[in-house]
Structures are given as structure tokens and as C-alpha cells.
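Some notes on the structure that comes next.
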Amino acid sequence: MNGRIRKMGVVALVFALAMCLGATAAQSRLVPKVDNFVLFPDQSGSMYMTHQGMKEKKMVLAKQLLLEMNQLIPELGYQGSAYMFAPFQEVSAPVVYERGQLGAALQTIPENQKIYGRLTPMGPGIDQLGPVLAGLSGKTAIIVLSDGRHNMGADPVLMAQSLYNQYPEICFHVVSFAEDAYGKSVNEAVNQVGGDCVYAEGPVLLQDGVALEQFVRDVFYDEVEEQEEVLILRGIHFDFDKYNIKPEWIPVLDEAVDFLMTKPNVRVVVEGHTDSIGTVAYNQKLSERRARAVYDYLLSRGIEPSRMSTVGYSELRPKASNDTDEGRAINRRVEFQVER
């Protein structure tokens, strides 16, 4: 009686293993939000004045932030570039973004320039970005770093709106180093041109790594979690020294067929295995025949031969101990592995 119960337990275990079909594995993938980006720091005289809260020149802080930001931007095929404005100056022309290349260009941003007599044409500086945008296609993120002060030329908000009217796929993301209500109001108004763009305070991003990572994520990319369905099918088992498929395993194989029919890009390796009774050489041939029997069944049900391959492992990859009848029964099997 106990022996019968034990055998029934083995059958139940084998069946449970066989029914492990269509499992899912979570994978994340980074998806770019934009096609292009322009890093766009303000180099006007006021940006070379000391930020009272941070005790450092605002341009030094902006440069530091750009370099830190560059380390977080994933290389997803964007066209990346960097320009300065007030006055307008190229730092790095648009090319496929590579972190090292852009980082080297950002290092050339001067940390010291004269302050007095250096007016602040913020509006004209924004307007001069037009020819750069004309050469880009798709969505473009413009990351403005500025204290929002201007005292020469056209209104920067009107110039930003004019650019948006010409290139409606741009977005002005603003990192503010403003120290007064006026500068902050200008930066906020530029940021609101065109809709849902990101606004952040520069000192906060410099002091909070999590906030900086979130800013980069919000501007540049999404992280998409995908449930990838894979085939994990174990437990097509065989009698001792046999390779014919027993009738009770046909429903399991038919489930595999149904799965593969719905996933035309999935390829599988059909692996044959034996227990340890007999020589390795004999068992090698037996394991290959078992794998081939399952292969032929799938082929007969319409699975293309290009999607399958077979391999025999003899007795070399046991799932259970070969010291017991139950263990040997488990080891006489065929498994499917998904090719990656």
C-alpha cells in the first residue's frame, strides 16, 4: 500500500512539472521620450555672479550640474547637442549622443568671464537657436539653465513662443538659478511655453541626487516593464529504455504546440535525458531519440523545423537522484528550453 502511494506521489510530481507552461518574466526597457536634446546654459554676465545661497558662481554650478546630468542620460540614440546663449555660442553640434563625447565638450564651458558691461540678451539668444532646430526632426528637449535675468533685446518669453510656433515638437525644460522673483517668473514663463515641460531649481538638483535622477528620467526617457512570456516545459517522461511518447503526455505537448503557435518568434531546444542505467554512449543515443520523438510530434502539429533544434545529454544532467526508482523516473525526460 505504501509503495502504491509513493508511486502515485511520483506521478503527481511529474505531472506538476509538466504543466509549468507559459511562465512570465519581468524585464525593463528604457524608451526615449525625445528624438533630440539641446543643453542650453545662459552665459550672460549675471550667471558669472555668485549665487548667494550656494556661495559659488552660477555658471560654475550650471556647468557642474550639466556634467552630472550627462552621467545619467542613457545612450538611446538621441541627437544630442549643447549651446550657450546671451551671447549665442556652440559647445557641441548635434550628433548621435555619446556620454564621453558630450562630457568633453561641456568641460570647455568657461567658468570665468567678465560681469560688468556684459549685457543679457536672453531673448535674442533663445531666438538664435532656430537654425539648429531647423536641422532636427522629431521631438526635441531644450534644457535651459538660467537665472532668468535679461536687459537687452526682445522678451525671452515671446522669443520662446515664436520658436514653439515654428517647431511645435520642442519643449522648454528649465533649470532655474534665479535668486529673485523677477528671474523666477521669467524662467517659469519660458517653461510654460508649449505645455507639459519640466521645471526644476538648480540648487535642489545639485544637492539631491534622487531629484536629479528624476529630472533626467522625466525629460529623457521612460522605463517600461514588460512581461515576456516564455516557455518552461518540463516532465515529458519515458519508460525505461523507451523513447515512444506515452498517451498521457500528448495533452502536455499539445499545450506546447498551442503556445508556440501564438508566439511565432519563439525558438526552442528540445533536450533529451536518461537515467544512469546503461553506458553513457548508449544513453546518449537514447536521449537523442527521445528528443527527436518530441521534435517529430511538434513538427507533425505544424511547428516549423526552423524554430526547433534537438540535443541529447545522456545521463549527464539528472534532475533527481539515480539511486531510487522515483529519481530515475524523473530523469527519463525531455525538456524544452527557449533560445535567447
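The values are calculated or read from the model by the stated rules, or taken from the named source; none is laboratory data. None of the values given here were measured: they were computed from a predicted structure. Positions of Cβ are generated from backbone atoms using ideal geometry, with glycine treated the same way; all protein chains shown enter the neighbour counts.
Tabulated values for the structure
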| read-out | value |
| --- | --- |
| Qualifying residue in the range 203-213 (condition: touching a His at 6+ places or on another chain (Cβ under 6 Å) and surrounded by 14 or more Cβ atoms within 10 Å (Cβ to Cβ)) | no |
| Candidates R289, R267, filtered to the one that is modelled with pLDDT of 95 or more, basic (K, R) and either in the same structural domain as R317 (by TED's automatic domain parsing) or surrounded by fewer than 19 Cβ atoms within 10 Å (Cβ to Cβ) (or both) | R289 |
| In the range 255-264, the residues that are surrounded by 14 or more Cβ atoms within 10 Å (Cβ to Cβ) and either of a type outside the set (A, V, I, L, M, F, W, C) or farther than 15 Å from M308 by Cα (or both) | E255, K263 |
| Any hit, the range 160-183, residues being of a type in the set (D, E, K, R), without any contact (Cβ under 8 Å) to a residue 40 or more places away in the chain and either closer than 17 Å to M59 by Cβ or in a helix (DSSP H, G or I) (or both) | no |
| Residue under evaluation D241, criteria (1) crowded, with 17+ Cβ neighbours inside 10 Å; (2) closer than 30 Å to K285 by Cα; (3) not β-branched (V, I, T), criterion not met | (1) |
| Criterion violated by E188 - all others in (1) outside any strand (DSSP E or B); (2) at pLDDT below 95; (3) of a type in the set (D, E); (4) more than 30 Å from F336 (Cβ to Cβ) satisfied | (2) |
| Elements of type strands (runs of 3 or more DSSP E) in the range 6-103, at least 3 residues being within 30 Å of P247 (Cα to Cα) and either modelled with pLDDT of 95 or more or aromatic (F, W, Y) (or both) | none |
| Identity of the residue in the range 56-74, closer than 17 Å to I142 by Cα and touching a strand residue (DSSP E or B) at 6+ places or on another chain (Cβ under 9 Å), that ends up surrounded by the most Cβ atoms within 10 Å (Cβ to Cβ) | A62 |
| Contacts under 9 angstrom Cβ, first residue in the range 226-251 being within 30 Å of V31 (Cβ to Cβ), partner β-branched (V, I, T) and at pLDDT 55 or above, 6 or more apart | E229/T262; E229/V266; V230/V266; V230/V338; L231/V266; L231/V268; L231/V338; I232/V338 |
| Residue within the range 95-108 that is in contact with a Gly (Cβ under 7 Å, 6 or more places away or on another chain) and either outside the structural domain of D35 (by TED's automatic domain parsing) or buried (at least 16 other Cβ atoms within 10 Å of the Cβ) (or both) present | yes |
| Matching residues, the range 142-166, being within 34 Å of the chain's Cα centre (by Cα) and either aliphatic (A, V, I, L, M) or crowded, with 24+ Cβ neighbours inside 10 Å (or both) | I142, I143, V144, L145, S146, D147, A160, L163 |
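One line per residue, one yes/no per condition, for (1) farther than 16 Å from E335 by Cα; (2) touching a Leu at 6+ places or on another chain (Cβ under 9 Å):
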{"site": "I236", "(1), (2)": "no, yes"}
{"site": "D239", "(1), (2)": "no, no"}
{"site": "P251", "(1), (2)": "no, no"}
{"site": "K263", "(1), (2)": "yes, yes"}
{"site": "E271", "(1), (2)": "no, no"}
{"site": "T274", "(1), (2)": "no, yes"}
{"site": "Y282", "(1), (2)": "yes, no"}
